[in-house]
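Participant: Next up is a structure, given as structure tokens.
The values are calculated or read from the model by the stated rules, or taken from the named source; none is laboratory data. Nothing here was measured: the structure is a model prediction, and the numbers come from that model. Heads up, the Cβs are rebuilt from the backbone with ideal geometry, glycines too, and the neighbour counts pull from every protein chain shown. These accessible areas exclude ligands, DNA and RNA; they are computed on the full protein's heavy atoms, side chains included. Shrake-Rupley method; radii C 1.70, N 1.55, O 1.52, S 1.80 Å.
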Amino acid sequence: MTACSRKITVAIGLIGGFWLAGVAAASDSTAIRLAHDVCAGCHGVDGNSLVPNFPKLAGQQKVYLLRELKDYRSGKRVSEIMAPLVAELGDGDLEQLAAYYAKQAPAPGIVNDPGLLAVGKSLYLNGNSTTDVPACESCHEADGSGSGKFPRVAGQHSEYALDQFRLYATGKRTNGARVMKAVAERMSEEETRAVAEYMASMP
Ligand code: HEC
Ligand code: HEC
């Protein structure tokens, strides 16, 4: 190889490198721009949604977020609101969105009925052996932070949690662990409201 062709090869390599870096940066900002321009309207800029029926995403487990986003896209998790919003997004965009929300700091939740916290705490930590409800902490962790595919529940809006329990109990949310249907079916009305309040109260 002559000195001249070596220089050309190096130059092409450099241009290629800059081009690739440019593409990566562009798709990165596309996902983040989307988070700021579209998702923020319902979930808040930093994923701390202010509307109680829209889930908080801040500090949520990245593995869990990515799976839910893919399930909305494929229709495995059914939501008329979420499906069209992610329909055109590629895996890379969904990854960046999941990573973005996972690293935001979760804001404290709102407790509507402090009188239910004791019942909720007991159910969360011990389950109910009479009705065969397993302890939530065995999967969602004692502090509610979750791990990997087990979602964070600490500080989540109780209204959103109640919506999800209804979807699980009626067999309308089936994309994840089957155990959540059994959990939702076996809890009494009071236990369901109590555990939702307790999750909202967790820092
Ligand atoms: C018009 C309001 C709205 C917009 C805009 C919106 N979402 Fe949602 N999002 C919702 C609702 C409502 C749910 C709960 C749906 C359900 O019951 O499955 C949800 C659920 C989710 C979940 C599942 C959370 C969990 O805890 O399981 C993720 C992740 C999510 N949205 C991400 C996004 C992203 C990323 C965007 C932007 C591309 C976005 N959302 C835009 C309303 C919205
Ligand atoms: C054996 C493990 C396991 C146990 C026990 C368990 N969960 Fe879950 N839970 C999961 C998994 C996995 C998901 C997410 C995937 C899915 O939909 O199944 C989930 C989802 C949830 C969600 C929806 C989160 C969201 O952001 O949409 C809530 C709320 C929840 N669980 C609360 C509870 C409560 C309360 C209990 C105890 C009464 C409990 N879970 C017991 C594994 C478990």
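Participant: Give me a comma-separated list of calculated 3J(HN,Hα) values for segment 35-47, in order, Karplus coefficients 6.51, -1.76, 1.60 applied at θ = phi - 60°, integers in Hz, x for any Gly or Pro.
Facilitator: Running phi through 6.51 cos²θ - 1.76 cosθ + 1.60 with θ = phi - 60° gives 4, 6, 8, 10, 5, 4, x, 10, 9, x, 4, 9, x Hz.
Participant: Just name one of 134, 182, 123: the one whose Cα is farthest towards the positive end of the charge dipole of segment 114-201 (beta-carbon charges, Lys/Arg +1, Asp/Glu -1).
Facilitator: 182
Participant: For the chain, with every protein chain kept in place, what is the accessible area per residue (1.4 Å probe, Å²)?
Facilitator: About 55 Å² of surface per residue is accessible.
Participant: Within segment 68-96, find all residues whose amide N lies under 18 Å from a label point positioned 7 Å from the Cα of residue 29 along Cα-to-beta-carbon.
Facilitator: 93, 96
Participant: Rule-of-thumb check for the chain: C-alpha Rg over 2.2 N^0.38 Å?
Facilitator: This ratio for the chain stands at 1.30.
Participant: Mind giving me the nanometre distance, one decimal, between the label points for residue 118 and residue 141, set 7 Å out from Cα along Cα→Cβ?
Facilitator: 2.9
Participant: Let me ask something else about it. Return the sequence-ordered ³J(HN,Hα) values of segment 130-137 in whole Hz as given by the Karplus equation 6.51 cos²θ - 1.76 cosθ + 1.60 applied to θ = phi - 60°, using x for Gly and Pro.
Facilitator: 3J(HN,Hα) across segment 130-137, in whole Hz: 5, 9, 6, 8, x, 5, 5, 5.
Participant: Can you bin segment 114-201 into rounded, prolate or oblate? Criterion: square roots of the alpha carbon gyration tensor eigenvalues sorted a ≥ b ≥ c, rounded for a/c under 1.5, prolate for a/b above b/c, oblate for the rest.
Facilitator: Rounded, since a/c falls under 1.5.
Participant: Residue 178 to residue 76: extension gain in nm, 0.36 nm per residue of separation minus the Cα-Cα distance?
Facilitator: Length difference between fully extended and current span is 35.4 nm.
Participant: Still on this model: Given a Förster distance of 45 Å, report the FRET efficiency between residue 91 and residue 132 from their Cβ-Cβ distance, rounded to the nearest 0.05.
Facilitator: E(calc), rounded to 0.05, equals 0.70.
Participant: Using the Cα centre as the reference, give the magnitude of the dipole from point charges on the C-beta atoms of the chain (Lys, Arg: +1; Asp, Glu: -1; all else neutral), rounded to the nearest 20 debye.
Facilitator: Dipole about the Cα centre, nearest 20: 780 debye.
Participant: On a full-extension model of 0.36 nm per residue, what is the gain between residue 166 and residue 53, subtracting their alpha-carbon distance, rounded to one decimal in nm?
Facilitator: This chain segment gains 39.4 nm when fully extended.
Participant: Straight distance only, please: which lysines reach the Cα of residue 56 with their own Cα at less than 25 Å, same-chain residues fewer than 8 apart left out?
Facilitator: 70, 76, 103, 121, 149, 172, 181
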